[in-house]
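Student: A single structure is presented below for examination.
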Amino acid sequence: MDAEVVRRDLKLGEGEEITTWLSELDELGPPGEPVRLPQGDEARELLRRLEVSELDIEEIVAAAPEPDRDPAVWWLLERTHHAIIERMGDWKADRRDAPSLPSEIGALARYFHVYVFLATVPAVRRFHASRGIPDTISWETLAQLGELIDVHRRKFGEGGMNKQYWTAQILSGIVYQLGRLQFDLGIGRDGSPELGMHIPERGGRLVPEIFDDSFRRARPFFARYFPEHGARVTTGMSWMFDPQLEEYLTEEDSHIIRLRRGWTLIDSEPFMVGDRSILEFVFRYNGQPLDELPQRTRLERAVVAHLKAGRHWYNRVGRLPLP
């Protein structure tokens with residue numbers, strides 16, 4: 001089997017993204033060791049450990065590919081897994097976002113990158129162990145899979161997962177959950193090391209004490225387990241850094257405004273609209289009309305009033321020295 005047979009069998013089309021992806025996977029080839037995908041009760045146990053909802057577990061297990069029954073999908077699974085593990089721990093690697101498979105294929109396509117995740121868990125766990133990463137942090141980091149599957153069901157009304165760029169980062173061993181926040185090993189625009197900061201949906205409110213605790217943990221953690229990296233600053237892109245929030249909120253009534261203390265904007269002007277980001281985070285938004293969104297808090301009222309006035313929120317980029 002080769003890339004063209006896979007393209008034909010799965011009706012992947014002739015688009016540039018698909019063509020480039022298949023060509024790279026074809027050139028890469030399968031990994032040195034056969035891919036093993038957990039099945040049945042073993043898969044159920046692992047999915048529960050990764051905090052996947054029971055609502056999705058049975059569908060994931062039932063639709064799991066097998067090499068003899070689904071040779072084209074298995075060809076993609078082997079090589080996508082290989083592309084991740086060959087860059088394990090390399091924060092300088094240029095990682096391409098693997099495309100999603102056509103929805104016409106059904107649950108197998110919607111969960112394809114979940115199967116890549118399950119097949120790659122043993123490899124990233126070995127990498128974590130080789131670095132001395134504590135088990136609790138290893139599993140807390142990997143358990144974001146459950147959140148991403150939840151987000152897909154909320155947005156599209158069915159199970160699946162389409163955040164494969166981010167899950168590939170997690171599986172590559174360069175992302176770690178430290179308390180409420182995630183940090184990833186990265187390189188700044190000037191070539192210097194930095195930690196990227198990310199805010200998962202799960203984990204509760206962003207109160208300053210919890211936020212600060214994650215930052216206090218970050219530099220010692222990476223200095224111990226990745227001393228060759230040496231980051232002294234963290235950067236993040238979020239609607240939280242949009243100065244327009246100060247038109248509606250103050251430090252006295254908003255955790256978000258207090259959390260921004262010490263951050264410096266490093267983008268000269270807005271360049272990425274963040275309407276969907278703020279709606280999803282604040283409301284767990286799934287497309288309902290603005291008038292149907294709750295208006296219980298100052299932040300909720302601010303988000304809706306701003307959008308109803310015909311304005312946009314923006315994801316802005318900030319930098320903060322690591323304590």
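Nothing in this text is a laboratory measurement; each read-out follows from the coordinates by a stated rule. The structure presented is a predicted model; accordingly, all values stated were derived computationally and were not measured. Cβ: placed from backbone, ideal geometry, glycine included. Neighbour counts: every protein chain shown.
Student: For segment 238-321, how big is the tail of P(r) above 18 Å, as a whole percent of Cα pairs?
Tutor: I get 41 percent for the Cα pairs in segment 238-321 exceeding 18 Å.
Student: Sticking with this structure for a sec: Mind listing the phi-derived Karplus ³J(HN,Hα) values for segment 57-72, rounded to whole Hz, using 6.51, -1.76 and 1.60 with θ = phi - 60°, and x for any glycine or proline?
Tutor: 4, 5, 5, 4, 5, 5, 8, 4, x, 10, x, 7, 7, 10, x, 5
Student: Moving to a separate point now. Could you calculate the contour length gain from R189 to D26, that is, 0.36 nm times the residue separation minus the distance between their Cα atoms, to one decimal place in nm?
Tutor: That works out to 55.5 nm of additional length.
Student: Moving to a separate point now. Scan around T234 for amide H atoms under 5 Å from its own, H built in the peptide plane at 1.01 Å from N, and keep only partners 5 or more places away or cross-chain.
Tutor: Correct list: L195, L320, L322.
Student: So, one more: Please list, in order along segment 149-161, the HN-Hα scalar couplings obtained from phi with the Karplus expression 6.51 cos²θ - 1.76 cosθ + 1.60 (θ = phi - 60°), rounded to whole Hz, x for Gly and Pro.
Tutor: 5, 4, 4, 4, 5, 5, 7, 10, x, 8, x, x, 7
Student: From the phi angles alone, apply the Karplus equation (6.51, -1.76, 1.60; θ = phi - 60°) to segment 270-275 and give each ³J(HN,Hα) in whole Hz, x where the residue is Gly or Pro.
Tutor: Running phi through 6.51 cos²θ - 1.76 cosθ + 1.60 with θ = phi - 60° gives x, 9, 9, 5, x, 4 Hz.
Student: Provide Y115, Y165 in ascending order of the number of other Cβ atoms located within 10 Å of each residue's Cβ, fewest first. Please report the intermediate quantities before stating the final value.
Tutor: Working: Y115 25, Y165 12.
Neighbour counts put them in this order, fewest first: Y165, Y115.
Student: I would also like to ask the following. What is the distance, in nm, between label points placed 7 Å from the Cα along the Cα-to-Cβ direction at L265 and at D41?
Tutor: Going from the L265 label point to the D41 one covers 5.7 nm.
Student: Okay, moving on. 5 Å is the cut-off here: which amide hydrogens, built 1.01 Å from N in the peptide plane, fall below it relative to I187, excluding neighbours closer than 5 in sequence?
Tutor: E194
Student: Here is a further query. In nm, give the distance between the simple-model label positions of D213 and E4, each being 7 Å from the Cα along the Cα-to-Cβ direction.
Tutor: Here the modelled spin labels are 5.8 nm apart.
Student: Same structure, new question: Does anything in segment 168-184 have its amide N under 17 Å from the 7 Å Cα→Cβ label point of V233, and if so which residues?
Tutor: It comes to 184, nothing else.
Student: What nm value, rounded to one decimal, do you get for the distance between L290 and D97 when each label is placed 7 Å out toward the C-beta?
Tutor: Reported label-point gap for L290 and D97 is 2.6 nm.
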